[in-house]
Amino acid sequence: MTAFFETPFFGVALTILAYWAMVKLQQKLKNQLANPLLLSIVVVSAVLIIFKIPYSAYDMGGTIINMFLGPATACLAVSIYTKRQLLKKNWLPVVVGCTVGSLTSMTSIYVMCKLFKLDDTLTMALLPKSVTTPIAVSISGAHGGIVPVTVVAVIITGVLGSIFAPLLIKIFNVKEPFAQGLAIGASSHAVGTSKAIELGEAQGAMSGLAIGVCGVITVLFSLFIS
Amino acid sequence: MKILVQFGIIFGVCWVGYAISAALPFSFPSSVISMLLLLLLLLFGVLKVDHIRAKSNFLLSNMAFFFIPAGVNIINYFDILKSSFVQIFIICVISTLLTFAATAYSIRFTLYLMNRRRAK
């Protein structure tokens, strides 16, 4: 029976099918909680567990999809490049905001990991979790963090940010659309940005810009972790 | 053929990024080096967005898909996730709150300083 699954076609087909179905589901539900990436991970994992399919069989296809992670991350350059005018015009508040935001994120996570006595592989996995998945995963992997935990933490953060963004704007009384967008992008990356776009054009653009800038700044900070 | 060439350009950049990362004495993610390389090539006009548009649109618009296998790997770390999930969740909530507030307030402060300087 296992031989049936021992081919890369199985993993690739299952992953595409799960993702397609979950994207359709979100389009129907229009709810941030129905995050297609999170649900696809749950669905694929459930299929493997229920049908007792060995992870190694799934990973024959998984490895092929993984190969595209690097190129996909590199393509973030295109989205940063297309926003270069926006960055040029507002570079000072954007760089200050993203630097303070990234530093706050990493410091608060580090302190809490120590408080909860989590080990180094978990701490490293969580440290970059406020930036976009491709960059967070690269940092976590390069420093020995547990990559799948990073993926889960990044999604939880994004979903939390997109749900609570309107509430946080009220609590902290953030009036400037500019600051609203950057704060959303810095704290909850691409998933938050989809919410920022709903709040307004300026918020959406700044949130999108914050994804790239915070990503690069977080990589630079991570150089100091050994 | 056009898409194939675009694939070639991006995979080529990633290959150079990997080589640089392997040569560095400290650990720096190779995909981020590739991203910075690609950004430099675009900024200096060596590459035009048109040269890689189709392929980069494909990768960027399906970004989440490529992370599914990395996430499914969590089934091998189920015990760790189960024993630390509450802590991980608390960390996500509090750090998201703090990051949001710190970013918003630091921008407000910067804008305030900039306006004051302009007023003088």
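The values are calculated or read from the model by the stated rules, or taken from the named source; none is laboratory data. As the structure is a prediction and not an experimental result, all values here were calculated from the model. Note that we place each Cβ from the backbone using ideal geometry, even for glycine, and neighbour counts take in every protein chain shown.
Would you point out the residue of segment B:33-42, among those that are farther than 15 Å from A:Val219 by Cα and more than 7 Å from every other protein chain (Cβ to nearest Cβ), that is surrounded by the fewest Cβ atoms within 10 Å (Cβ to Cβ)? Spell out how you get there, then give the answer.
If we filter segment B:33-42 for residues that are farther than 15 Å from A:Val219 by Cα, which is where we start, we get B:38-42.
Then keep just the ones that are more than 7 Å from every other protein chain (Cβ to nearest Cβ); that gives B:40-41.
Numbers: B:Leu40: 12, B:Leu41: 18.
So, considering only residues that are farther than 15 Å from A:Val219 by Cα and more than 7 Å from every other protein chain (Cβ to nearest Cβ), the one surrounded by the fewest Cβ atoms within 10 Å (Cβ to Cβ) is B:Leu40.
For segment A:126-136, the candidate set comprises residues that are under 16 Å from B:Cys92 (Cβ atoms) and facing chain B (nearest Cβ under 9 Å); within that set, the residue that is modelled with the highest pLDDT is A:Leu126. Scanning segment B:21-42 for residues that are in a helix (DSSP H, G or I), over 19 Å from A:Val137 (Cα atoms) and either aromatic (Phe, Trp, Tyr) or more than 18 Å from the chain's Cα centre (by Cα) (or both) yields a single hit, B:Ala23.
Taking the numbered list (1) part of a helix (DSSP H, G or I); (2) of a type in the set (Gly, Ala, Ser); (3) within 8 Å of another protein chain (Cβ to nearest Cβ); (4) within 21 Å of B:Ala70 (Cα to Cα) in turn, A:Ser105 passes all entries but (4).
Going by what's in this entry, would A:Ala153 be described as under 25 Å from A:Leu39 (Cα atoms), touching a Lys or Arg at 6+ places or on another chain (Cβ under 8 Å) and facing another protein chain (nearest Cβ under 8 Å)?
yes
Please tell me if A:Ala153 is among the small types (Gly, Ala, Ser), in contact with a Gly (Cβ under 7 Å, 6 or more places away or on another chain) and outside the structural domain of A:Ser45 (by TED's automatic domain parsing). Spelling it out, it is not the case that A:Ala153 is among the small types (Gly, Ala, Ser), in contact with a Gly (Cβ under 7 Å, 6 or more places away or on another chain) and outside the structural domain of A:Ser45 (by TED's automatic domain parsing). Of all the criteria given as (1) touching an Asp or Glu at 6+ places or on another chain (Cβ under 9 Å); (2) under 30 Å from A:Asp120 (Cβ atoms); (3) charged (D, E, K, R), the one not satisfied by B:Asp79 is (1). Meeting the requirement of 1 or more residues that are closer than 23 Å to A:Ile139 by Cα, the helices (runs of 4 or more DSSP H) wholly within segment A:1-85 are A:36-50, A:55-66, A:69-74, A:76-81.
Across segment A:128-167, the number of residues qualifying as within 22 Å of B:Leu59 (Cα to Cα), surrounded by fewer than 24 Cβ atoms within 10 Å (Cβ to Cβ) and in contact with a Cys (Cβ under 6 Å, 6 or more places away or on another chain) comes to 0. Annotation note: Cβ proximity below 7 Å between a residue of segment A:24-48 that is surrounded by 12 or more Cβ atoms within 10 Å (Cβ to Cβ) and a residue that is among the polar types (S, T, N, Q) (sequence gap 6+ or interchain) occurs for A:Gln32/A:Ser162; A:Ala34/A:Gln26; A:Pro36/A:Gln26; A:Val44/A:Thr15.
Can you say whether B:Ala54 is over 20 Å from A:Thr123 (Cβ atoms), aliphatic (A, V, I, L, M) and at pLDDT 90 or above, as far as the supplied structure shows?
no
Can you give me the ranges of the helices (runs of 4 or more DSSP H) entirely in segment A:145-226 with at least 1 residues that are without any contact (Cβ under 8 Å) to a residue 60 or more places away in the chain and among the aromatic types (Phe, Trp, Tyr)? Give the derivation first.
Numbers: elements: A:147-171, A:177-199, A:201-222.
Answer list for segment A:145-226: A:147-171.
Evaluate the following for B:Ala23: is it more than 7 Å from chain A (Cβ to nearest Cβ) and among the hydrophobic types (A, V, I, L, M, F, W, C)? I'd like the intermediate steps shown before the answer.
Working: more than 7 Å from chain A (Cβ to nearest Cβ): yes; among the hydrophobic types (A, V, I, L, M, F, W, C): yes.
Yes.
Given the structure, is A:Ile135 in contact with a helix residue (DSSP H, G or I) (Cβ under 7 Å, 6 or more places away or on another chain), β-branched (Val, Ile, Thr) and closer than 21 Å to A:Ser207 by Cα?
Values: in contact with a helix residue (DSSP H, G or I) (Cβ under 7 Å, 6 or more places away or on another chain): yes; β-branched (Val, Ile, Thr): yes; closer than 21 Å to A:Ser207 by Cα: yes.
Judged against the criteria, A:Ile135 is a match.
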